[in-house]
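Below is one structure, written out as structure tokens; comments come after it.
The values are calculated or read from the model by the stated rules, or taken from the named source; none is laboratory data. What you see is a predicted model, and the numbers here were worked out from it, not measured in a lab. Reconstructed Cβ throughout: ideal geometry from the backbone, glycine too, with neighbour counts over all protein chains shown.
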Ligand code: FES
Ligand SMILES: [Fe+2]
């Protein structure tokens with residue numbers, strides 16, 4: 001798990017100005033809420049007075065109010081009012097909690113959990129066709145008892161389709177192609193493959209009989225950063241499924257998936273239920289496999305598994321993770337767990353580069369090698 005990436009926090013509709021929402025990500029607690037202008041904010045959940053959970057509090061005048069002694073924190077993270085000190089009191093300089101940059105896209109509130117300045121931050125994946133006719137989009141939020149890197153790797157693995165999703169009419173790759181290394185190319189912050197598939201990709205829903213237009217017959221997947229995954233299945237020039245997965249690592253054993261499923265054909269409402277049934281069945285087939293993998297986390301060394309040509313995209317993903325290890329962005333989860341319970345920890349926010357005097361400790365990070373750790 002890494003600092004310095006954008007993470008999905010909640011559906012936009014769950015983040016309100018009525019009640020704070022507590023969420024766990026990267027094993028740590030955060031609170032999300034809206035101010036009076038409707039702007040969403042994500043803060044460290046731990047009150048710096050004596051450790052109250054802001055997410056268990058309430059919202060007043062656009063501030064989140066700690067349930068323990070009523071300290072009020074603005075979206076900036078600064079304490080705006082301490083009731084026991086009175087209205088015009090000078091507040092302690094350290095009365096502030098980490099506040100993270102927020103973006104809302106695709107019906108999701110994202111927070112940048114890290115301290116990089118804006119110009120250095122990796123992007124949230126841009127879905128160019130989102131909101132464009134004739135595309136239709138559905139957002140699903142799903143909980144998975146598995147480590148997010150295992151889930152990401154599953155999305156970068158075309159060979160499993162034949163075995164895990166037999167009703168989908170796999171194999172996606174011809175036997176000849178399965179024996180060659182997947183053609184993986186690098187993109188900004190990640191890598192991708194996009195290859196032709198056999199005629200049998202989709203047959204159980206009879207979709208192949210209603211395809212129109214010039215056949216493309218290609219599909220591929222790519223990752224951007226450690227937790228954003230794209231899969232395109234382009235059946236013809238006008239008949240595609242595009243899937244976007246934004247993964248929130250909750251802890252080392254569980255992940256919340258924000259899954260946007262899009263299609264640009266069969267867009268009449270009468271097809272929605274059937275499409276949803278197929279999609280959720282496929283996802284549940286993946287989840288059944290992922291929740292039983294041993295070890296739960298990806299092994300530290302590739303020698304602890306046997307990786308074949310069809311695993312090429314998985315290998316490249318792991319190489320990208322190493323780059324972020326080198327930058328010193330990987331959380332030292334063992335050290336973190338040893339401290340939790342005795343210390344309140346959080347992810348450093350960008351504000352820590354501008355001012356000192358913070359109460360919460362920041363998460364331990366594994367040392368990098370690129371002079372940035
Ligand atoms: S612990 Fe939050 S106000 Fe006291
Ligand atoms: Fe799958």
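Observations on the structure shown:
- Some residue of the stretch 323-344 being more than 22 Å from the chain's Cα centre (by Cα) and not assigned by TED's automatic domain parsing to the domain that holds residue 53: no
- Checking each residue in the stretch 222-255 for being closer than 26 Å to residue 337 by Cα and buried (at least 22 other Cβ atoms within 10 Å of the Cβ) picks out 225, 226, 227, 228, 246, 247, 248, 249, 255.
- Taking the criterion of being surrounded by fewer than 14 Cβ atoms within 10 Å (Cβ to Cβ) and more than 25 Å from residue 46 (Cα to Cα), the residues of the stretch 104-126 that qualify are 119, 120, 123, 126.
- Scanning the stretch 111-142 for residues that are within 18 Å of the chain's Cα centre (by Cα), under 29 Å from residue 265 (Cβ atoms) and not in a loop (DSSP other than H, G, I, E, B) turns up 137, 138, 139, 140, 141, 142.
- Number of the condition not met by residue 299 [criteria: (1) surrounded by 14 or more Cβ atoms within 10 Å (Cβ to Cβ); (2) outside the structural domain of residue 14 (by TED's automatic domain parsing)]: (1)
- Selected residue [under 28 Å from residue 157 (Cβ atoms) and in contact (Cβ under 8 Å) with a residue 40 or more places away in the chain] from 331, 347: 331
- Within the stretch 1-103, strands (runs of 3 or more DSSP E) holding 2 or more residues that are within 16 Å of ligand 1 (Cβ to nearest atom) and surrounded by fewer than 22 Cβ atoms within 10 Å (Cβ to Cβ): 58-60, 79-81
- Of the residues making up the stretch 153-183, those that are more than 12 Å from ligand 2 (Cβ to nearest atom) and buried (at least 20 other Cβ atoms within 10 Å of the Cβ) are 169, 173, 182.
- Take the conditions (1) modelled with pLDDT of 95 or more; (2) in contact with a helix residue (DSSP H, G or I) (Cβ under 8 Å, 6 or more places away or on another chain); (3) closer than 25 Å to residue 300 by Cβ; residue 147 misses just one of them, which is (2).
- Residue check for residue 241: at pLDDT 95 or above, under 23 Å from the mean Cα position of the chain (by Cα) and either outside any loop (DSSP other than H, G, I, E, B) or more than 30 Å from residue 333 (Cβ to Cβ) (or both): no
- If the condition is being in contact (Cβ under 8 Å) with a residue 24 or more places away in the chain and at positive phi, then the stretch 60-95 contributes 61, 62, 77.
- Across the stretch 162-185, a minimum of one residue is classified as without any contact (Cβ under 8 Å) to a residue 12 or more places away in the chain, more than 16 Å from ligand 1 (Cβ to nearest atom), within 16 Å of residue 222 (Cα to Cα) and in the same structural domain as residue 231 (by TED's automatic domain parsing).
- Per the conditions (1) crowded, with 18+ Cβ neighbours inside 10 Å; (2) at pLDDT below 95; (3) under 26 Å from residue 368 (Cα atoms), the sole criterion not satisfied by residue 310 is (3).
- The stretch 9-36: number of residues that are under 15 Å from the mean Cα position of the chain (by Cα) and over 27 Å from residue 343 (Cβ atoms): 2
- Among the residues making up the stretch 128-140, those that are exposed (fewer than 15 other Cβ atoms within 10 Å of the Cβ) and out of contact with any helix residue (DSSP H, G or I) (no Cβ under 9 Å at 6 or more places or on another chain) are 128, 129, 131, 132, 133, 134.
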